[in-house]
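Scroll down for the structure; my scribbles are underneath it.
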Amino acid sequence: MVDAQPWAAMFGPSTWPQVVHMLLAAYMVTGFTIASVYAVGMLRGRRERRHRLGLLIPLAFAAALTPVQVGVGDWIANTVADNQPAKLAAMEGEYETTAGAPLSVGGLHYDDELHYALEIPNGLSLLIHHDPDGVVLGLEEIPVDERPPVNVVHLAFDTMVGLGTALLLLSLVFGWTWWRRRRMPESRWFLRAVAVSGVAAVVAMEAGWIVTEVGRQPWVVYGILRTEDAVSPAPGLYLGFYAVVVIYVLLTALTVFVLRRLARSPDTAAPQEVDARPPERDVGEAAVR
Amino acid sequence: MTLAEVVLSMMFVGLIAYGLFGGADFGGGIWDLLAGGTRRGARQRELIEHSIAPVWEANHVWLIFVLVVLWTAFPGAFAAVASTLYIPLTLAAFGMIARGSAFAFRKSVTTLGMRRFLGASFALSSLVTPFFLGAVVGGVASGRVPAGIAAGNVVTSWINPTSVLGGVLAVLACAYLAAVFLCGDAHRDGADDLADQFRLRALRTAGVTGLVGIVGLFVLRADAPRLFAGLTGRAAPVVALSVVAGVAALVLLAGRRYVPARAASALAVTAILVGWAVGQYPYLLVPELTIEEAAAGRASLVAMLVALVVGAVILVPALVYLYALFQRPTAEQPAPTAATRAVR
């Protein structure tokens, strides 16, 4: 057996940017999601103190972290450019190695070129090398059978960055209003934006995972083990996959059902609190058991 | 003892803990299934729920522990077992998912139909999950899992005489342990009639387990001669200890001495598991892969050992406190009075 180096594997060059990026993403998802629940409540006319605090605290938390995430995003993109040029080229839809490369937003990649993209001149070189004329390696440097699927990675990357930018704008509006007027913005448009911010944060996070996982293909361990060589040759595995899909659909439906029930009668005891239930309720429930 | 053997021993301690705590947990679900109709079984179900509710998640952490140590320290053996036996392992995982979610969701619904559906899912998955896990053990112990990825037959590796024996014994051991533990819990809560019901069940289950064990020896002699030779040879003293502890547990149960009966029962189940390990030493996967051959590199083993020691320092006191806490009757909540019990 090969003598593995567990510490080297655990603390590779991308460990710290990945860890920090994901931690911030998790906090942002939490903050925006909770805030969005209360934003919906406020849009339905519940504007008392509990709803305002319920929106204010998580939103302030998430809004403070969002600008930090932009900086960490720059850090992680530079790490990817140094260590996984194929992934970076796919993220940016960059085929030719170019000096002064433009930043391409959107578009479709086919015939070794990105079509219909919006280009910001010298943007990519500036972001990656902090120099408008820096040279960015393109996919042409990578052997054909080692290139990740460009469209998935590029569009997922644009989704993450686009939603992240929108969340940054929301955070700035919130921060500016708080700073200048000492109150939180309460216009219907602001509340609507907060109401969708939770979903946006989740989608941005998932898009980020698509970037990092699909962007590494065809490798499962970068440069060492290809995904097609790693998969178990046992017969019938796809049946297990279908079963997992069915079970998770059922579990999701059940969870939604139970959560909706709990929302209607929020005093039902959680499993851990079964002993703390007042006895009268106990009797009532035992009768229907 | 080599470094690999030290790490494997710690994994085996986790496996024994899973057998005892996870086993009792599955067994609780099995008795929930057999408790009878909605109204008649209500009190038993309540006792079961009360006993396992605080610890049912903690119990299954032991399985995760075993799997993590196995794939870190013995990756070759893990790959062989997980790929060849993926069908029963996946079914066991589905069983645990169904069990856990049904148990949690049952608390949040009040309609009888929904409660019955979720209760049945909980109870039924408690019955089939230990069977699949026992079948996995049977497949490994009878040498049907060769080294290499998916090198064994994915069907006959777990549908064979030894696996069926392993599955049936696992279900019986779970039911027995749960019945013995529930006796003590019921007695402590002052419900001696319930304790007597579970005492009878424990005694009957022990009888059936003993019979299956004797029949099992013939099954093993025909189907897994190496394991049979190991169990009746080198591991004979350990197997004998299990029999003695099992008989002692029955005597203690018959005399309603529930706390020592628990200890004796736990010892009997532990000794059977240790007997299996002693019987197939030094092989991890009979008859090809020894412990040393399957072990990961030294750096991984050392890292694993450090993590285990640090983790144990944090986790063990917390777990002991958790179990101790729920073995105590709560101070502010008196045992159910006769009046409320009558309504139930």
Next on the checklist: Largest first, please: the extent of the C-alpha atoms of chain B along each principal axis, to the nearest Å.
Outcome noted: 64, 39, 37
Checklist outcome for this item: The answer for chain B, counting only DSSP H helices whose Cα atoms cover 20 angstrom or more along the axis and whose Kyte-Doolittle average is 0.0 or greater, is B:3-17, B:56-73, B:86-106, B:112-141, B:161-188, B:192-223, B:236-254, B:258-280, B:298-326
Next on the checklist: Taking the Cα centre as origin and putting +1 on Lys and Arg beta-carbons and -1 on Asp and Glu beta-carbons, what dipole magnitude results for the protein assembly as shown, to the nearest 20 debye?
Outcome noted: 3840
Checklist outcome for this item: Shielding of A:244-252 by other chains, given as the mean Cβ count within 10 Å, works out to 2
Item to check | Between helix A:150-181 and chain A: long-axis angle, C-alpha atoms, 0 to 90°, nearest 10 | outcome: 50
Checklist entry - Toward the positive end of the charge dipole of segment A:67-201, about the Cα centre and with charges on Cβ (Lys, Arg +1; Asp, Glu -1), which of A:Gly134, A:Ala86, A:Trp179 goes farthest? => result A:Trp179
Next on the checklist: I need the Debye-formula profile for segment A:13-139: one equal scatterer per C-alpha, no solvent, reported as log10 I(q)/I(0) at q = 0.10, 0.12, 0.17, 0.19 1/Å, two decimals.
Outcome noted: -0.48, -0.62, -0.88, -0.97
Next on the checklist: Let's see if you can work this out: charge +1 on each Lys and Arg Cβ, -1 on each Asp and Glu Cβ, no other charges. What is the dipole magnitude of segment B:123-280 about its Cα centre, in debye to the nearest 20?
Outcome noted: 340
Checklist entry - What is the dipole size for chain A, taken about its Cα centre, with +1 at each Lys and Arg Cβ and -1 at each Asp and Glu Cβ, in debye to the nearest 20? => result 2620
Checklist entry - So what is the relative contact order for segment B:3-343, in percent, with contacts set as C-alpha pairs under 8 Å and at least six apart? => result 22
Item to check | In degrees, nearest ten, helix A:188-214 long axis to first principal axis of chain A (Cα) | outcome: 50
Checklist entry - Along the charge dipole of segment B:205-311, which of B:Thr232, B:Trp276, B:Gly246 sits closest to the positive end, that is, farthest toward it, with unit charges on the beta carbon of Lys, Arg, Asp and Glu (+1, +1, -1, -1)? => result B:Gly246
Next on the checklist: Residue by residue through B:105-118, how many Cβ atoms from other chains fall within 10 Å of the Cβ on average?
Outcome noted: 4
Checklist entry - Rg(Cα) of the protein assembly as shown divided by 2.2 N^0.38 Å? => result 1.15
Item to check | Helix-only [θ]222 nm of chain B, DSSP H runs n ≥ 4, -39500 (n - 2.57) each, per residue, nearest 500 | outcome: -26000 deg cm²/dmol
Item to check | Label point distance in nm, A:Val244-A:Val220, each placed 7 Å from Cα along Cα→Cβ | outcome: 1.1
Next on the checklist: Counting only other chains, and only Cβ atoms inside 10 Å, what mean value do you get across the residues of B:86-94?
Outcome noted: 3
Checklist entry - Contour minus end-to-end for A:Ile142 and A:Trp178, with contour as 0.36 nm per residue of separation and end-to-end as the Cα-Cα distance? => result 8.1 nm
Checklist outcome for this item: Descending packing, highest mean Cβ count within 10 Å first, for B:211-221, B:276-286, B:60-70 is B:276-286, B:60-70, B:211-221
Checklist entry - How big is segment A:141-271 on each of its three principal axes, counting only the C-alpha atoms and giving the largest first in Å? => result 60, 48, 21
Checklist entry - Give me the Kirkwood hydrodynamic radius of segment B:3-57 in Å, from all C-alpha pairs, to one decimal place? => result 12.8
Next on the checklist: Debye calculation, C-alpha points only, no solvent: report log10 I(q)/I(0) for chain A at q = 0.15, 0.16 Å⁻¹, in the same order as the q values.
Outcome noted: -1.22, -1.28
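We did not get these values from a lab; they are worked out from the coordinates using the rules stated. Note that the structure is predicted; figures quoted are calculated from it, not measured. All Cβ positions, glycine included, derive from the backbone under ideal geometry; neighbour counts span all protein chains shown.
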